């Protein structure tokens with residue numbers, strides 16, 4: 001092998017090493033950015049979840065307060081059910097299901 005061939009092979013090896021280095025660095029950088037984005041997204045979701053849990057707790061407390069107030073004003077849920085039945089509300093509705101084979105409009109007078 002001549003001197004020029006050796007230098008040429010060394011230059012090729014150096015180019016390959018540089019290319020592999022840049023590829024590795026860009027891969028590491030890309031993966032780091034993806035990880036950063038995912039961590040940011042999960043932190044945002046965690047904060048939103050905390051806000052929703054706080055809002056849910058607030059709504060439950062408000063619901064309990066309204067239920068207590070309703071019980072004081074009406075005298076309890078049993079009396080409210082009795083009054084609702086007197087007004088015509090039913091406790092267990094009856095559901096009727098129509099099958100696809102029936103022509104209801106043709107049966108009407």
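No lab work stands behind these numbers, since they all come straight from the coordinates. All values derive from a computational prediction rather than experimental measurement. Counting neighbours? That spans all protein chains shown, and the Cβs are built from the backbone with ideal geometry, glycine included.
Take the Cα of residue 54, step 7 Å toward its Cβ, do the same at residue 78, and the gap between the two points is 4.1 nm.
Equivalent-ellipsoid semi-axes for the chain (Cα gyration tensor, √(5λ), whole Å, largest first): 77, 31, 6. What's the angle, to the nearest 10 degrees (0 to 90), between helix 3-74's Cα axis and the longest principal axis of the chain? The helix 3-74 is inclined about 10 degrees to the chain. Relative to the longest principal axis of the C-alpha atoms of the chain, give the angle of the C-alpha long axis of helix 77-86, reported between 0 and 90° and rounded to the nearest 10°. With both axes taken from Cα atoms, the answer is about 60 degrees.
The helix-only estimate of mean residue ellipticity at 222 nm for the chain, built from DSSP H runs of length n ≥ 4 each weighted as -39500 (n - 2.57), is -28500 deg cm²/dmol after division by the residue total. Comparing Cα centroids, the stretch 9-35 and the stretch 66-99 end up 73 angstrom apart.
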